[in-house]
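Peer 1: Just dropping this structure here.
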Amino acid sequence: MAQIRLKNVSKRWTNFVGVDNFNLDIADQEFLVLLGPSGCGKTTTMRMIAGLEDVTEGEIWIGDRLVNKLEPKDRDISMVFQSYGLYPNMTVYENIRFPLKVRKVPQEQHHDRVMAASKMVELDDFLQRRPAALSGGQRQRVALARAIVREPNAFLMDEPLSNLDAKLRVSTRAQIKNLHHTLKRTTIYVTHDQIEAMTLADRVVVMSKGLIQQVGTPMEIYDRPANTFVASFIGSPAMNLIPGHMQDGVFTGDHIRVDGLSTQVNGPVTLGFRAEDAVMAGETGQIEAPIYTVELLGEATMISMRVAGELVSIKVAKDYRAEIGDVVRVNIAPAACHLFDQSTGQRIV
Ligand code: ATP
């Protein structure tokens, strides 16, 4: 069993807080993704769990052991990094076998375990090659096999796909998801890519400036972002966020008026809605503005307009025809609208 628990964990350097009072219980077998922009503290959090970075304050538990003072090698976890960290003068076979040697696993187990791990990542045809003779995707699979061969209780993965091209990233991502399904090991995965987070995670932790902004399933953070930071970080395109004024259930702003919102709040607010939750209107629309740009996506078309100073994206059918400058009218169902406090950014509705 490898539940991982972080209790009031902080990391401070002389005059900088990298991670600020991080609290989280990660369930056994869970796939947890730490997501956030560069510098938000996700790698530092992961390195503290791995034992590569001291904890300034708080406790880290793996299973029923407090591991704050344990060496990385004694924590029963395997790590996979963005730079594959392979030994260039060893073959693929020797690279995968290496952790077994270091940990003095009985010799007679080595061959079967190396073969099983390399099969899992479809590397069994490349075992005699050296890393220089492999593609980036193959190298990352060697790194995965080397992590798997140890049969650890948990995997820690730090941006393992970021050196791969777009196509390989998608296929290796699928492979990681499938491996998790097969191996059923607790996995903590760091990324700044919200699509990786959405596709891989059981739960996502969204971080900013060392602080947890929200913890939830991918759909929870997509459908009910806790604040404007999460709303603007999740989704492609991000949620439309429009500043305006709320009075008696009516939101108004430049080029926009939405009636029938169920809130008692009056005053300045930010209205949020997703591109796919808007529909083209007839004679009158809640939004009425000239098109700023039209982008063909293949399966749909994205149009954008300037509303209350913000660029707003609307997803329309792929055969929708419109030109830059055409005035369009758009409606948003009140139930698809989110309201955020304008000063704190926190969700109101
Ligand atoms: P990235 O995606 O760029 O790797 P990250 O979210 O993983 O970013 P961290 O590497 O965890 O971010 O860094 C968090 C913050 O802590 C950053 O602002 C970084 O500059 C700072 N930091 C990291 N190491 C040190 C250090 N040794 N001394 C001082 N500040 C540090």
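Peer 1: Suppose we keep only residues that are within 16 Å of the ligand (Cβ to nearest atom) and in a strand (DSSP E or B) within segment 175-203. Which one would you say is nearest to ASP165 (Cα to Cα)?
Peer 2: Within segment 175-203, the subset within 16 Å of the ligand (Cβ to nearest atom) is 188-197.
When the remaining residues are screened for being in a strand (DSSP E or B), the result is 188-191.
Working: ILE188: 22, TYR189: 19, VAL190: 18, THR191: 15 Å.
The selected residue is THR191.
Peer 1: If you don't mind, there's one more thing I want to ask. Filter segment 108-136 down to residues that are polar (S, T, N, Q), closer than 20 Å to LEU161 by Cα and surrounded by fewer than 16 Cβ atoms within 10 Å (Cβ to Cβ), then give me how many there are.
Peer 2: 1
Peer 1: Can we say ASP248 is more than 21 Å from SER313 (Cβ to Cβ), in contact (Cβ under 8 Å) with a residue 60 or more places away in the chain and out of contact with any Cys (no Cβ under 7 Å at 6 or more places or on another chain)? Outline the logic, then answer.
Peer 2: Details: more than 21 Å from SER313 (Cβ to Cβ): yes; in contact (Cβ under 8 Å) with a residue 60 or more places away in the chain: no; out of contact with any Cys (no Cβ under 7 Å at 6 or more places or on another chain): yes.
Considered against the rule, which asks whether it is more than 21 Å from SER313 (Cβ to Cβ), in contact (Cβ under 8 Å) with a residue 60 or more places away in the chain and out of contact with any Cys (no Cβ under 7 Å at 6 or more places or on another chain), ASP248 comes out as no.
Peer 1: Just to be sure before I move on: is GLY18 within 15 Å of the ligand (Cβ to nearest atom), under 17 Å from VAL204 (Cβ atoms) and not hydroxyl-bearing (Ser, Thr, Tyr) in the structure I sent? Before you say what the answer is, go through the steps one by one.
Peer 2: Working: within 15 Å of the ligand (Cβ to nearest atom): yes; under 17 Å from VAL204 (Cβ atoms): no; not hydroxyl-bearing (Ser, Thr, Tyr): yes.
Criteria not met by GLY18.
Peer 1: Do the conditions hold for PRO88, that is, is it outside any helix (DSSP H, G or I) and touching an Asp or Glu at 6+ places or on another chain (Cβ under 8 Å)? It would help to see each step written out before you state the result.
Peer 2: Values: outside any helix (DSSP H, G or I): yes; touching an Asp or Glu at 6+ places or on another chain (Cβ under 8 Å): no.
Taking the combined requirement at face value, the residue does not satisfy it.
Peer 1: Please enumerate the residues belonging to segment 248-278 that are within 12 Å of PRO334 (Cα to Cα), buried (at least 20 other Cβ atoms within 10 Å of the Cβ) and among the β-branched types (Val, Ile, Thr).
Peer 2: Result: VAL258, single match.
Peer 1: On to the next question. Being in a strand (DSSP E or B) and touching an Asp or Glu at 6+ places or on another chain (Cβ under 9 Å) is the filter here; which residues of segment 35-60 pass it? It would help to see each step written out before you state the result.
Peer 2: So the first thing to find is which residues in segment 35-60 are in a strand (DSSP E or B), and the list is 35, 57-60.
The one that is in a strand (DSSP E or B) and touching an Asp or Glu at 6+ places or on another chain (Cβ under 9 Å): LEU35.
Peer 1: Still on this model: With LEU161, LEU123 as the choices, which residue is away from the ligand (no atom under 16 Å from the Cβ) and in the same structural domain as PRO99 (by TED's automatic domain parsing)? Spell out the reasoning first.
Peer 2: Details: LEU161 fails: away from the ligand (no atom under 16 Å from the Cβ).
Testing whether each residue is away from the ligand (no atom under 16 Å from the Cβ) and in the same structural domain as PRO99 (by TED's automatic domain parsing) leaves just LEU123.
Peer 1: Within 16 Å of the ligand (Cβ to nearest atom), in the same structural domain as ALA143 (by TED's automatic domain parsing) and either of a type in the set (S, T, N, Q) or over 28 Å from HIS181 (Cα atoms) (or both): is that true of GLY51 in this structure?
Peer 2: Values: within 16 Å of the ligand (Cβ to nearest atom): yes; in the same structural domain as ALA143 (by TED's automatic domain parsing): yes; either of a type in the set (S, T, N, Q) or over 28 Å from HIS181 (Cα atoms) (or both): no.
Against the criterion (within 16 Å of the ligand (Cβ to nearest atom), in the same structural domain as ALA143 (by TED's automatic domain parsing) and either of a type in the set (S, T, N, Q) or over 28 Å from HIS181 (Cα atoms) (or both)), GLY51 does not qualify.
The values are calculated or read from the model by the stated rules, or taken from the named source; none is laboratory data. It should be emphasised that the depicted structure is a prediction, and the values quoted were computed from it without experimental measurement. Heads up, the Cβs are rebuilt from the backbone with ideal geometry, glycines too, and the neighbour counts pull from every protein chain shown.
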